[in-house]
Structure formats: structure tokens, C-alpha cells
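The values are calculated or read from the model by the stated rules, or taken from the named source; none is laboratory data. All values reported here derive from a predicted model rather than from experimental measurement. With ideal geometry, Cβ positions are generated from the backbone for all residues, glycine too; neighbour counts draw on all protein chains shown.
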Amino acid sequence: MDIKNSYRYLPVSQRDKDWGVYVTGAGHAAVPGGSPYPPAGHPSAYHFDWRNGRRLQEFQLVYIHQGFGEFESNEQGRIRVQSGTIIMLTPGTWHRYRPDSESGWDEYWIGFSGSHISELMKRQFFSSRQALYTINSKRTIVNLFQDCLKQLHDERIGFQQIVSSRVIALLAEIHSANQLPQKNASHIESIVQEGKQYLDKHPDELIDMQHLAKELNVSYDYFRRQFKLITGLPPHQYHLLLKINRAKELLSATNTSIKEIAATLNFDTPFYFSRKFKEKTSLSPKAFRQLSRK
């Protein structure tokens, strides 16, 4: 399959929409400097010119793999675009973009919509006020886009659902890249990863998080904030869930008493262990053991 310059728009069934994410089209274009933009041939609902811009009825991700250009929207004004940038376009937002007249650019794009995407927007994982994201994992992004184009070309049974999973993967990469300041990303990830690995190896122990942060040469407030930013949980809660998971293993695979499990995992009392276990699993330790053995 030649994906150097290709695109495809898809008919969408109600069954596709019921999945929660569905793809409306995707493409790739290598645009030389000085070439007309956008390339001809696209349906009128997607074609636009720089003077008038456009508004879409769906979401689109446009990845600038190589080259430079500019983007403009009512929310963000006019911004310089460089390679490694993903433009996230949202329904109803006026926008326009184009490659630099000298460099041109190489772009991948995919259009999509669905109830799950609307829920992600509602929960503020993304915002219509931010359209540009800088991505470091360039190879991963290109592979995802190329796989989307291949799936659309091959049309295997269920290809809509397969491609929609790639859209979720792309959104996850964008969300991940947006969590950390780019200049400190590797340092922050290293600190959190080291702390996380220590907690993973010691689920049974009482751990002084203040001391752990000191061992990592950062303040506890900084460690807690960055840990939660990356994992979604503060370190105390993360370690508690490790203890709960270990308790599940002991309840399922051994005859160790609940009192002994609580002591092994360093809970203050069996009552406190049972309360936390039910808080996190909606079952008492006894009920979980009975259910797991059925």
C-alpha cells in the first residue's frame, strides 16, 4: 500500500457509533514547498482555503511529521507550527492552518467522533482552548497513523473498531505529553519511576514517604505532586492499592486469616484493614474470599 499521498472518508453506521468512538476518515500528504494547500480532491465539508478557514462537525488530529507552517484559531490566535506537533481540532471551532511556503510539510490526519470522546472533553482531559501539542514519541505517533491507514485500506472485519482503538492510543500519547513541562519531563519521570519501583517492591512494608522523597533528593511536596501528575494517585494511595492487591492474592490463594493478613501488610488493626479493603473493592475481605473461590 502506498501511503505517501492518500486519504479515505468512511460511511459510518449506527453500530459504529454505538462503540463510543468511530473514525470518519484518515490520510497522509507530503506537501512540497510552494504547492497549493490543502491538496485538491477532498469533499467540500473538509476542504478550505486560508482566507476563510473552516469549522468541522467532528474531531481531527493533524500530525506534522516534517516541515513547518502556521495555525490559527479564535481561541489561540496565530501560532508557528513545527515538526513533531499534533493539532487537535474540535467540532465547531473556527481554524485554519498551512505549511510554510518554502519548507512545505509532511502531515498525517484522522477524523473521529463518538460519545466516549465527548466524555473525555467533558471531564477536561482535553480542551477546545488548546489545539497544539508537542510530541516527543515521534516514531510511535507515525506508526499509529500508518497502522490506521493500513487498516482502512485492508478493511478487515471490524476495522472501524480496530482503528478507533488507535485513536484512543493517539489521544493517550497527547495527554501524556501534555502532563509534564517538556524541559523537565525526563527528570520528573525518572524521579517518579524510581519512587514507584520502590513502592512496587515493598507492598507489605510501612513506608515513610517523607524519607523516600529525601532519598530521591526532592521535597515531599514536590514528589507527591509529580507522582500524582503521572500516576493519577498520590504515593500514599498508590501504596495502599498495592497492599489491597496483595491482600486479594492472599485471600484468594491461601487460608491465611484476615487478622494475619492485616498484620502481614502492616495495617494498624484488622478492622482498619477490612474498612480500607471494602472502601477500595466494595466487598469485605470475607466476601471477597468467598466470591473468588466460587
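Determine which single condition Phe71 fails, assuming it passes every other condition in (1) part of a strand (DSSP E or B); (2) farther than 19 Å from Ser127 by Cβ; (3) not aliphatic (A, V, I, L, M).
(2)
Is it the case that some residue within region 21-29 is out of contact with any strand residue (DSSP E or B) (no Cβ under 8 Å at 6 or more places or on another chain) and assigned by TED's automatic domain parsing to the domain that holds Glu72?
No.
Of all residues in region 123-167, which are of a type in the set (A, V, I, L, M), within 16 Å of the chain's Cα centre (by Cα) and surrounded by fewer than 17 Cβ atoms within 10 Å (Cβ to Cβ)?
Val142
Scan region 41-67 residue by residue and report those that are surrounded by fewer than 17 Cβ atoms within 10 Å (Cβ to Cβ) and within 26 Å of the chain's Cα centre (by Cα).
Answer for region 41-67, where residues must be surrounded by fewer than 17 Cβ atoms within 10 Å (Cβ to Cβ) and within 26 Å of the chain's Cα centre (by Cα): Arg55, Gln57, Gln66.
Kindly provide the set of residues from region 90-131 that are without any contact (Cβ under 8 Å) to a residue 60 or more places away in the chain, of a type in the set (A, V, I, L, M, F, W, C) and closer than 17 Å to Gln57 by Cβ, ordered by number.
Trp94, Met121, listed by residue number.
Mind telling me which of the residues Leu171, Leu241, Leu229, Leu206 ends up being within 30 Å of Ile110 (Cα to Cα) and either surrounded by fewer than 18 Cβ atoms within 10 Å (Cβ to Cβ) or touching a Pro at 6+ places or on another chain (Cβ under 9 Å) (or both)?
One residue alone meets the criteria, Leu229.
Sort out which residues of region 260-294 are in contact (Cβ under 8 Å) with a residue 12 or more places away in the chain, closer than 15 Å to Lys243 by Cβ and not hydroxyl-bearing (Ser, Thr, Tyr), and write them in order of number.
Within region 260-294, Ile261, Ala262, Leu265, Asn266, Phe267, Pro270, Phe273, Lys276, Phe277, Lys280, Pro285, Phe288 qualify.
Mind checking which residues of region 249-273 are over 34 Å from the mean Cα position of the chain (by Cα) and part of a helix (DSSP H, G or I)?
Ala253, Ile258, Lys259, Glu260, Ile261, Ala262, Ala263, Thr264, Pro270, Phe271, Tyr272
Which members of region 1-52 meet the condition of being part of a loop (DSSP other than H, G, I, E, B), among the small types (Gly, Ala, Ser) and at pLDDT 85 or above?
Once the filter is applied, which keeps residues that are part of a loop (DSSP other than H, G, I, E, B), among the small types (Gly, Ala, Ser) and at pLDDT 85 or above, region 1-52 yields Ser13, Gly20, Gly33, Gly34, Ser35.
I need every pair where a residue in region 135-155 that is assigned by TED's automatic domain parsing to the domain that holds Ser165 and polar (S, T, N, Q) has its Cβ under 7 Å from the Cβ of a residue that is in a loop (DSSP other than H, G, I, E, B) and surrounded by 14 or more Cβ atoms within 10 Å (Cβ to Cβ), sequence separation at least 6 or different chains.
Within 7 Å, the pairs are Gln146/Ile3.
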